[in-house]
Amino acid sequence: MKFIRMILGRLILAMDFLTGPKPVVREKREQDAIDALTANMALYQFKACPFCVKVRRQLRKHALNIELRDAQNNATFKAELTREGGRHKVPCLRIEKGPNDVKWLYESDDIISFLKTELKLS
Ligand SMILES: N[C@@H](CCC(=O)N[C@@H](CS)C(=O)NCC(=O)O)C(=O)O
């Protein structure tokens, strides 16, 4: 089972590499404004998880510079996600609106919808 998962993971990564979307190019001022809005976000994810790949493709397509946190191999990120987010499940977008205002958003479709709405992406 572990072997099959490993092969599938490699296939997903290869397909993603070969068919990855071309990032949008914005004027610097516009990109800086988007970067400022995403600076307080981090995506907890696994490298070969298909749902994480789906979200990462959207990040690439829309040129969103959101920090990626490996919640599979990095013990600190894994513990943070479980303790603060409530589940060790990926992808999960951490959105920090203020020192005591942090939201943990699970579900790939919900993350993509949130980003599209919040950042007014087309
Ligand atoms: N419906 C979820 C599925 C996410 C999912 O199943 N993620 C797997 C990794 S590929 C996971 O985190 N599994 C651990 C768990 O569910 O505890 C989505 O679209 O984000």
Problem - From SER113, SER122, residue being among the hydroxyl-bearing types (Ser, Thr, Tyr), at pLDDT below 95 and under 23 Å from ILE34 (Cβ atoms) - result: SER122
Completion exercise
Among the residues of segment 1-17, the number that are under 14 Å from ARG56 (Cα atoms) and of a type in the set (D, E, K, R) is 1
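The values are calculated or read from the model by the stated rules, or taken from the named source; none is laboratory data. This is a predicted model, so every value here is computed, not measured. With ideal geometry, Cβ positions are generated from the backbone for all residues, glycine too; neighbour counts draw on all protein chains shown.
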